[in-house]
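Q: Once you've had a glance at the structure underneath, I'll fire off some questions.
Any read-out appearing in this document is the output of simple, stated calculations on the displayed coordinates, not a laboratory observation. None of these values were measured; they are calculated from a predicted model. So basically every Cβ, Gly included, is an ideal-geometry build from the backbone, and we count neighbours across all protein chains shown.
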Amino acid sequence: MESLPTILTPTPIRDAEFYFNKGESYYNLGEYQRAIEAYGESIRRDPQDANAYHNRGHSYDNLGNTAQAERDYAKAKELGHIE
């Protein structure tokens with residue numbers, strides 16, 4: 001069993017998951033701009049997370065920014081996201 005300090009030690013992946021989940025929450029509340037910001041921070045911390053790009057693309061789509069949405073969808077597909 002890990003000691004408590006080890007479990008609570010921040011890592012880029014844990015931080016990325018935190019921001020990804022925050023993005024999900026904002027998205028579900030219809031706060032798409034805030035979701036974009038949270039997904040962006042998740043991507044900054046884990047640039048290989050295809051789901052973060054994909055979900056940020058949905059947020060951009062909901063704001064009518066189809067060009068940016070398409071870029072995010074393409075990046076998600078490049079990283080292995082399957083629709």
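Q: Tell me which label goes with the value of Rg/Rh (Cα atoms, Kirkwood Rh) computed from the coordinates here: (i) 1.06; (ii) 1.16; (iii) 0.95.
A: It is the value labelled (i).
Q: If eta is 1.002 mPa s and T is 20 °C, what Stokes-Einstein diffusion coefficient results for the stretch 15-57, Kirkwood Rh from Cα pairs, in µm²/s?
A: The estimated diffusion coefficient comes to 226 µm²/s.
Q: Here is a further query. Return 72, 61 ranked ascending by Cβ neighbour count within 10 Å, so the fewest neighbours appear first.
A: Starting with the residue having the fewest Cβ neighbours, the order is 61, 72.
Q: Once you charge only the Cβ atoms, +1 for Lys and Arg and -1 for Asp and Glu, what is the size of the charge dipole of the chain about its Cα centre, to the nearest 20 debye?
A: 140 debye
Q: Does anyone have the angle between helix 12-28 and the longest principal axis of the chain? Alpha-carbon axes, 0 to 90°, nearest 10?
A: That works out to roughly 50 degrees.
Q: Under 8 Å for C-alpha pairs, at least 6 residues apart: give me the relative contact order for the stretch 19-60, rounded to a whole percent.
A: This gives 40 percent for the stretch 19-60.
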